[in-house]
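Q: Please find one structure pasted underneath; my questions will follow.
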Amino acid sequence: KEVKAQLKMAGKSKEEIDEEIGSNPWKNAVISVVSLDFAVSLVYAAQSSKRRNNMYFKVAPEEDVVEEAIALSTPKIEELEEGKVPLFYMEDFAVLGKEGEKKTPLYFNKEELVNEWKLQQKGNKEKVDMPPIKVTELFAVLNEMVNPNNTDPDIPTLYFVPPKNSSQKAKECQIKNKKNGLDSPFVIGTRIVVL
């Protein structure tokens, strides 16, 4: 801001200022609602594109989720790197799938993991201490899932649990976009995807 103010005082035009310090890439950003698999595809496409400067997509967690992940991280970190999405889990915690098979849930929200664990404990007669909550990262998990050399037996049992409020947030986002005259949910090159 200070540099921009100094350049304005020096009599530079908006175009000259933008050329010298660059324009704000977030100025016209729009939050769009897309499925997780589509958002991930966009991120990977943007990262591997030879024209990276023409594509910029990030999947970003909510601020309180980032704070929870930082608090639980081992080794301790000061901040979450841009583009990283934390996932919360407990060792040896499983839920039953549709066909009775054990599944290992990965949550985008720590509170939902804790609630599910407590729900499973209601039937237990003996008191069990809650296991420690661990944090991993979405893209690291996805890379392991598609790695043909991966021999971890837990990988096939993993599944992502969408945040319970995601449907409501999607509706709110679509309503806001419609109010601003943005009918299409996504147009390549004009939207930023946020989770």
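Q: Of (1) surrounded by 12 or more Cβ atoms within 10 Å (Cβ to Cβ); (2) farther than 20 Å from S41 by Cα; (3) hydroxyl-bearing (S, T, Y), S167 satisfies all except one. Which?
A: (1)
Q: Follow-up. Could you check, for the stretch 100-111, whether at least one of its residues is open to solvent by 40 Å² or more (accessible area, probe 1.4 Å), more than 16 Å from A69 (Cβ to Cβ), touching an Asp or Glu at 6+ places or on another chain (Cβ under 9 Å) and at pLDDT below 90? Reasoning before the result, please.
A: Filtering the stretch 100-111 down to residues open to solvent by 40 Å² or more (accessible area, probe 1.4 Å) leaves 100-103, 110-111.
Still in the list and also more than 16 Å from A69 (Cβ to Cβ): 100-103.
Remaining after also requiring touching an Asp or Glu at 6+ places or on another chain (Cβ under 9 Å): none.
Checking the stretch 100-111: not a single residue is open to solvent by 40 Å² or more (accessible area, probe 1.4 Å), more than 16 Å from A69 (Cβ to Cβ), touching an Asp or Glu at 6+ places or on another chain (Cβ under 9 Å) and at pLDDT below 90.
The values are calculated or read from the model by the stated rules, or taken from the named source; none is laboratory data. Worth saying up front: this structure is predicted, and the values here are computed from it rather than measured. We place every Cβ from the backbone using ideal geometry, glycine too, and count neighbours over all the protein chains shown. The protein model used for the area step is the full one, side chains on, heavy atoms only, and it has no ligands, DNA or RNA in it. Shrake-Rupley method; radii C 1.70, N 1.55, O 1.52, S 1.80 Å.
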